[in-house]
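All remarks here apply to the structure that follows.
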Amino acid sequence: MPVMSPDQFGKLAKIVHNDTGIVLSAAKQGLLVARLTKRLRALNIADFAAYCRYLDSDSGLAERQNLLSAITTNVTAFFREEHHFTALARDVLPPLMARARAGGRVRLWSAACSTGEEPYSIAMTVLDAFPEAARHDLLILATDIDPQVVAAAEGGVYTRDAITPIGAPRLRKYFDETTTGFQVKPVISAIMRFGTLNLHQPWPFKGGFDVIFCRNVVIYFDSEMRRSLWQRFADGITPGGTLFIGHSERVDGPAAPHFQISGATQYRRTAAAH
């Protein structure tokens, strides 16, 4: 396995932080070596010194995305932190369904969708309560920084182990068993949109989200990046909208006054954005 010097690790960690806001501590050096060794082999690059030079070259600009994909953690599961989906069904969705039925617009966003388990869990919760959702102006946006996991999410095929938390009734309703696994049905795909998005770069939309899920993401950011993202979410959520975050996260910084705790790691947007 190639050896990575502290200077090389520092350079790679700086690229990752500048591009994504993710902080890589020195304790992550071994993990970075293990994950990037595959990239060196794929590129036929001998060592990390040459890899760093390659990233700085014009031909190496595209490799930065592979670097980000290598370090991104994609821990996810269907209906993970189930209390969020209970709150979504019980408290959040009823007024949104009423608005949609009256001709209004409803938008939900899974802001770090990974391989799709979270946004599809949102979709199943919506469709359980609102089977006719596709006939109204309701959409679920699912984005992630890693195009590889976004492609997997949009493909919507899962193993038997992955679908275990779904339960038999929902599995029959929303998935077809195929030779390659369990494929989401068109009834789900009809209300979904997928895309690659870096949360720290300009967003290709103006906001107006009624629900945002961004769970177990900001724990990887430094305080400045974290507080900046909370503020962008505050600006992007409609008054009365809901933000769901990870179990070890808390909204802090300038955005905090704009949110009111409305459940376990669940916040309500309290006032119009400034």
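Odds and ends about this structure:
- Looking only at region 1-18, and only at residues there that are in contact (Cβ under 8 Å) with a residue 40 or more places away in the chain and farther than 12 Å from I71 by Cα, the one that is surrounded by the fewest Cβ atoms within 10 Å (Cβ to Cβ): V3
- Flag if A162 is in contact (Cβ under 8 Å) with a residue 40 or more places away in the chain, assigned to a loop (DSSP other than H, G, I, E, B) and within 22 Å of V217 (Cβ to Cβ): yes
- Among the residues making up region 19-30, a single one is touching a strand residue (DSSP E or B) at 6+ places or on another chain (Cβ under 7 Å), assigned to a loop (DSSP other than H, G, I, E, B) and within 12 Å of L68 (Cβ to Cβ): G21.
- Subset of region 121-149 [in a helix (DSSP H, G or I), modelled with pLDDT of 95 or more and under 22 Å from H84 (Cβ atoms)]: S121, I122, A123, M124, T125, V126, L127, D128, A129, A133
- Within region 174-202, if we keep just the residues that are free of Cβ contacts under 8 Å to residues at least 12 places away in the same chain and not in a loop (DSSP other than H, G, I, E, B), the residue that is least open to solvent (accessible area, probe 1.4 Å) turns out to be D176.
- Test result for S262, open to solvent by 20 Å² or more (accessible area, probe 1.4 Å), part of a loop (DSSP other than H, G, I, E, B) and of a type in the set (S, T, Y): no
A quick yes/no check of all residues on (1) surrounded by fewer than 19 Cβ atoms within 10 Å (Cβ to Cβ); (2) under 25 Å from F205 (Cβ atoms); (3) over 20 Å from the mean Cα position of the chain (by Cα):
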position	(1), (2), (3)
N44	yes, no, yes
A49	yes, no, yes
D58	yes, no, yes
A77	yes, no, no
E82	yes, no, no
T86	yes, no, no
L93	no, yes, yes
R99	yes, yes, yes
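Every residue, every condition in (1) surrounded by 21 or more Cβ atoms within 10 Å (Cβ to Cβ); (2) not in a loop (DSSP other than H, G, I, E, B), yes or no:
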{"site": "F213", "(1), (2)": "yes, yes"}
{"site": "I219", "(1), (2)": "no, yes"}
{"site": "E224", "(1), (2)": "no, yes"}
{"site": "R227", "(1), (2)": "no, yes"}
{"site": "D235", "(1), (2)": "no, yes"}
{"site": "L243", "(1), (2)": "yes, yes"}
{"site": "E249", "(1), (2)": "no, no"}
{"site": "P257", "(1), (2)": "no, yes"}
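The values are calculated or read from the model by the stated rules, or taken from the named source; none is laboratory data. As the structure is a computational prediction, the values presented were derived from the model and not from experiment. Glycine gets a Cβ as well: all are built from the backbone with ideal geometry, and neighbour counts include every protein chain shown. Areas reflect the complete protein model, heavy atoms only, side chains present, ligands, DNA and RNA absent. Shrake-Rupley method; radii C 1.70, N 1.55, O 1.52, S 1.80 Å.
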